[in-house]
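Enquirer: Before we start, here is the structure in question, set down as structure tokens.
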Amino acid sequence: MGRYALLADGDQLGVGKLLICLSPLDIRDTVKYKEVMKQYGLGPNGGIVTSLNLFATRFDQVMKFIEKRQNASKYVIIDTPGQIEVFTWSASGTIITEALASSFPSVVVYVMDTSRSTNPITFMSNMLYACSILYKTKLPFIVLMNKTDIIDHSFAVEWMQDFETFQDALNQETSYVSNLTRSMSLVLDEFYSSLKVVGVSAVLGTGLDEFFIQLSKAVDEYEREYRPEYERLRKTLEEAQEKQKREQLEHLWKDMGSVCVQGSTLAGTDDASAMGPSELILTRGTLSEDEEERESDTDDIDHEVTEESREEPAFRNFMQDMRMKCQRKSNLNE
């Protein structure tokens, strides 16, 4: 039905001939599709999605490969799965698209089988696919109508430009889907107005010159509108990450400060209050040799003897006080 590719223009030049990469990368050389299905117990669609997810984890290597061949190849063609649920609306597809678009001028080319789109309902289905991909990727977009050697694509262009002509073609359909298609065609008017459409024949090579002209315009559009937006998004992301780091650092300092206050309160001295928690801990292990000797000497003192030496003067003072009280009483009685 429809397939699309991402084209990354390596040297940002204008119209030129397509250079075929001499050593193309194939996902089938990296991920064994049937082995993924067996290992994870998946069906065909699940196997495709999982294989693409596994491939996306190593896409940095593809980016390095593209960077090395920038001078050797003018265009890099990345053929993606035609199913939008497999690539466009999947996490791995988003990662791959954004990685390319943030580093190279990237254009989405939606390849459409013209010979199978002569039915207005099928044509509308293709256009809805294209519209979905355009608004998801947010990149310059070209609809490439292939197989014009079988049937000319002029009928499709007329359907996009003339609403009444498309409605007349729909009137020949009597199914419920035709009513839905008639309603959807009104929604796509704005989409058609800015859409780049090129008819080509891959067999005969006709239409390729026009395609490269439109591709050059799409690259200019990327530089003018899309690159500033990607730079803005990248800057916003970096600022958000920097803000998060600062907030985490502030929380850390607050936590350290509360520990510091608790340590100074327990210590009860001016010297201790000026120290941080780590300094309070390290002070215990940095005594001088004389202090260490005194510490070791006091550890050897018999604590019972010390208590007795404290009790004797207290008892003598108590007995002296009692004698004085008795003498006062006796003097009063006399």
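Enquirer: Quickly run through the range 70-97 and pick out the residues that are over 20 Å from GLU223 (Cα atoms) and open to solvent by 60 Å² or more (accessible area, probe 1.4 Å).
Expert: Passing the criteria: ALA72, ASP79, GLN83, GLU85, TRP89, ALA91, ILE95.
Enquirer: Then there's this: Scan the range 156-192 for residues that are modelled with pLDDT of 80 or more, open to solvent by 40 Å² or more (accessible area, probe 1.4 Å), more than 41 Å from the chain's Cα centre (by Cα) and among the aromatic types (Phe, Trp, Tyr) and jot them down.
Expert: Within the range 156-192, none qualify.
Enquirer: Right, another one. Going by the conditions given, is ASN53 open to solvent by 40 Å² or more (accessible area, probe 1.4 Å), closer than 24 Å to MET127 by Cβ and part of a helix (DSSP H, G or I)?
Expert: On the way: open to solvent by 40 Å² or more (accessible area, probe 1.4 Å): yes; closer than 24 Å to MET127 by Cβ: no; part of a helix (DSSP H, G or I): yes.
Judged against the criteria, ASN53 is not a match.
Enquirer: Restrict the check to the range 218-234 and report whether at least one residue is outside any helix (DSSP H, G or I), touching a strand residue (DSSP E or B) at 6+ places or on another chain (Cβ under 8 Å), at pLDDT 90 or above and of a type in the set (Gly, Ala, Ser).
Expert: No, the range 218-234 contains no residue that is outside any helix (DSSP H, G or I), touching a strand residue (DSSP E or B) at 6+ places or on another chain (Cβ under 8 Å), at pLDDT 90 or above and of a type in the set (Gly, Ala, Ser).
Enquirer: OK, next. Looking at the range 219-245, I want the residues that are closer than 14 Å to LYS138 by Cα and have a partner that is open to solvent by less than 80 Å² (accessible area, probe 1.4 Å) and in a helix (DSSP H, G or I) with Cβ atoms under 6 Å, at least 6 apart or on another chain. Which pairs are those?
Expert: none
Enquirer: Please return the ranges of helices (runs of 4 or more DSSP H) entirely within the range 76-173 where 2 or more residues are of a type in the set (Ser, Thr, Tyr) and within 27 Å of ASP209 (Cβ to Cβ).
Expert: 120-137
Enquirer: Please enumerate the residues belonging to the range 28-47 that are within 19 Å of THR88 (Cβ to Cβ) and open to solvent by 50 Å² or more (accessible area, probe 1.4 Å).
Expert: Within the range 28-47, PRO44, ASN45 meet the criteria.
Enquirer: Another question, then. Looking for something in a helix (DSSP H, G or I), open to solvent by 80 Å² or more (accessible area, probe 1.4 Å) and either in contact with a helix residue (DSSP H, G or I) (Cβ under 9 Å, 6 or more places away or on another chain) or under 26 Å from THR97 (Cβ atoms) (or both) - is there at least one such residue anywhere in the range 244-253?
Expert: yes
One line per residue, one yes/no per condition, for (1) closer than 24 Å to SER193 by Cβ; (2) open to solvent by 20 Å² or more (accessible area, probe 1.4 Å); (3) in contact with a Leu (Cβ under 7 Å, 6 or more places away or on another chain):
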{"residue": "ALA99", "(1), (2), (3)": "no, yes, no"}
{"residue": "VAL111", "(1), (2), (3)": "yes, yes, yes"}
{"residue": "ARG116", "(1), (2), (3)": "no, yes, no"}
{"residue": "MET124", "(1), (2), (3)": "yes, no, no"}
{"residue": "TYR129", "(1), (2), (3)": "yes, yes, no"}
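Enquirer: I've got another one for you. Please go through the range 198-223 and give me each residue that is of a type in the set (Val, Ile, Thr), more than 36 Å from the chain's Cα centre (by Cα) and open to solvent by less than 30 Å² (accessible area, probe 1.4 Å), ordered by number.
Expert: Passing the criteria: only VAL200.
The values are calculated or read from the model by the stated rules, or taken from the named source; none is laboratory data. Just so you know, these numbers come straight off a predicted model, no measurement behind them. Cβ coordinates were reconstructed from backbone atoms using ideal geometry, including for glycine residues, and neighbour counts include every protein chain displayed. Surface accessibility is based on the protein's heavy atoms, side chains included, excluding ligands, DNA and RNA. Shrake-Rupley method; radii C 1.70, N 1.55, O 1.52, S 1.80 Å.
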